[in-house]
1. State yes or no: is D69 open to solvent by 40 Å² or more (accessible area, probe 1.4 Å), touching a Lys or Arg at 6+ places or on another chain (Cβ under 9 Å) and not aromatic (F, W, Y)?
2. Restricting to region 108-120, count the residues that are among the charged types (D, E, K, R) and exposed (fewer than 11 other Cβ atoms within 10 Å of the Cβ).
3. Would it be correct to say that L60 is surrounded by 12 or more Cβ atoms within 10 Å (Cβ to Cβ), in a helix (DSSP H, G or I) and either without any contact (Cβ under 8 Å) to a residue 12 or more places away in the chain or not β-branched (V, I, T) (or both)?
4. Checking the condition open to solvent by 60 Å² or more (accessible area, probe 1.4 Å) and assigned to a helix (DSSP H, G or I), which residue from L101, L93, L41 passes?
5. Using beta carbons and a limit of 7 Å, which pairs, at least six apart or on different chains, have the first residue in region 1-28 and of a type outside the set (A, V, I, L, M) and the second one open to solvent by 100 Å² or more (accessible area, probe 1.4 Å) and not in a helix (DSSP H, G or I)?
6. Is at least one residue of region 15-26 loosely packed, with under 12 Cβ neighbours inside 10 Å, out of contact with any Lys or Arg (no Cβ under 8 Å at 6 or more places or on another chain) and among the basic types (K, R)?
7. Scan region 72-90 for residues that are open to solvent by 90 Å² or more (accessible area, probe 1.4 Å), under 16 Å from the mean Cα position of the chain (by Cα) and of a type in the set (S, T, N, Q) and jot them down.
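The values are calculated or read from the model by the stated rules, or taken from the named source; none is laboratory data. Bear in mind the structure is a predicted one, so any value in this text is a computation, not a measurement. Note: ideal-geometry Cβ built from the backbone for every residue, glycine included; neighbour counts use all protein chains shown. Just the protein is used for accessible areas: all its heavy atoms, side chains included, with ligands, DNA and RNA removed. Shrake-Rupley method; radii C 1.70, N 1.55, O 1.52, S 1.80 Å.
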Amino acid sequence: LERQLLMQNQMRERQTAMQIAWTREFLKYFGTFFGLTAAVLTAGAIKKKNPGVLLPIVPLSFIFAYQYDMGYGTLLQRIKGEAENILDTQSTLLELPKGPLTYEDLEKIRRSQSKFFIEK
């Protein structure tokens, strides 16, 4: 059991590391896109003398800030803290509908799906 727990924790850590690495890589591309878009929109706003052209920068900046926070900031730590808070103070939100799955429930489902099982 201890080996299984260690293996599950290693897999979780590796998946989290992959998620962070993916976010950091995505941020490089999105950051480039955001920078170019901001420069082009700023130039267009100056040329047309219309500040409304800059409006798309607002949602793009929120996406950029989120991705930066996910890759290099404290977002994962805040998510972890909130998850711990939910586990400690709002555990009723985590209950499964109809309660936890039991062996009898699984057997009932297996029997109903099996074409070859004959009930005695």
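1. Spelling it out, it is not the case that D69 is open to solvent by 40 Å² or more (accessible area, probe 1.4 Å), touching a Lys or Arg at 6+ places or on another chain (Cβ under 9 Å) and not aromatic (F, W, Y).
2. 4
3. Spelling it out, L60 is indeed surrounded by 12 or more Cβ atoms within 10 Å (Cβ to Cβ), in a helix (DSSP H, G or I) and either without any contact (Cβ under 8 Å) to a residue 12 or more places away in the chain or not β-branched (V, I, T) (or both).
4. Only one candidate passes the filter, namely L93.
5. none
6. Checking region 15-26: not a single residue is loosely packed, with under 12 Cβ neighbours inside 10 Å, out of contact with any Lys or Arg (no Cβ under 8 Å at 6 or more places or on another chain) and among the basic types (K, R).
7. Within region 72-90, Q77 is the sole residue that qualifies.
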